[in-house]
Amino acid sequence: MTNIMDYYKKLIPFLGQAIGLSCEVALQDCRAGCIVAISNSHISGRQVGSPLTDLARQIINNGAWKEQDYIAGYEGRSQSGRLLRSSTFFIKENDQLLGMICINYDTSCFSQISNALLELGGLKYAGNPVLINSAGGEAAPKETFFDDLDYSINSTVTELFGDHIPEHFNQEDRITIIRKLSDKGVFLVKGCVGRVSHLLRCSNASVYRYLSIIGRESEK
C-alpha cells in the first residue's frame, strides 16, 4: 500500500527549488510528530527530525484542520527574529490529519528595501506589513520556529518558573518540566533524553521514570 506521505516527500525539494532560496518548505508528519522533509532549512534552522511547532500541535488539538484545507499568510518568526510570511496546507485522508506542508517566506529583504524607499521619499515607516488571513476576519495565528533543544528546554523552565528558577530541582519540579516538554513533543526528537537529564541534573533513568509516571497519570 502506497504511503501518501512518500509522494509529498518528493514534492518538497521541487517546491524549494522552484520557489527559491528565500522560501523554506517543510513537510511535517503528524503521526511521527516531526519534520520528515525540508528544503531551504537555513530560513528557520530546522532539519529532518525537528519536532512539530507549538502552532502545529495547537492546530491538531483544536481540530482547525477539519474545517479548512489550509491557513495562508500568517506571521512567523525565525530564531534570529526575521519576519516570515507563513502558510500551511493540511494533508488529510479518511478524515485524519496525516501531515502539513508549511511554507515560510523570508520577507526581511523586502522590508529593508521598502524601508529604504520610504526614507528616500521622506515618508515615515509605518511598521510591519499586513499579512493576509484566510480565516475570514479572525485573528491570524503567529508562529516562531526554533530547532535548538537546549533553547526549548530552557524556555520551558523560564515559562514555568519565571525569575524564580530553583538552584536545585526536586522531583515535583522535574515532573512538571518533563510533562510540559512532553506536551510540546520534545521527546519525539532523537537524543533528547540525555539533553533533558543533563539540563535538569538527573539521570536518564530518572527521566524515563518521570515519563512513566506522567503516562500513568494521563491514563486515569
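Side notes on the structure shown:
- Within the stretch 200-220, if we keep just the residues that are open to solvent by less than 50 Å² (accessible area, probe 1.4 Å) and assigned to a helix (DSSP H, G or I), the residue that is farthest from residue 47 (Cα to Cα) turns out to be 213.
- Residue match in the stretch 171-183 (condition: open to solvent by less than 30 Å² (accessible area, probe 1.4 Å), modelled with pLDDT under 90 and not in a helix (DSSP H, G or I)): no
- Filter result (without any contact (Cβ under 8 Å) to a residue 60 or more places away in the chain and either part of a strand (DSSP E or B) or more than 21 Å from residue 61 (Cβ to Cβ) (or both)) within the stretch 72-94: 80, 81, 82, 83, 85, 86, 87, 88, 89, 90, 92
- Matching residues in the stretch 72-130 - criterion: being aromatic (Phe, Trp, Tyr) and modelled with pLDDT under 85: 110, 125
- When the residues of the stretch 1-44 are filtered to those that are at pLDDT below 90 and within 11 Å of the chain's Cα centre (by Cα), the one that is surrounded by the most Cβ atoms within 10 Å (Cβ to Cβ) is 44.
The values are calculated or read from the model by the stated rules, or taken from the named source; none is laboratory data. Quantities reported herein were computed from a predicted structural model and do not represent experimental measurements. Backbone-built Cβ (ideal geometry, glycine too); neighbour counts: all protein chains shown. SASA here: full protein model, heavy atoms, side chains in, ligands and nucleic acids out. Shrake-Rupley method; radii C 1.70, N 1.55, O 1.52, S 1.80 Å.
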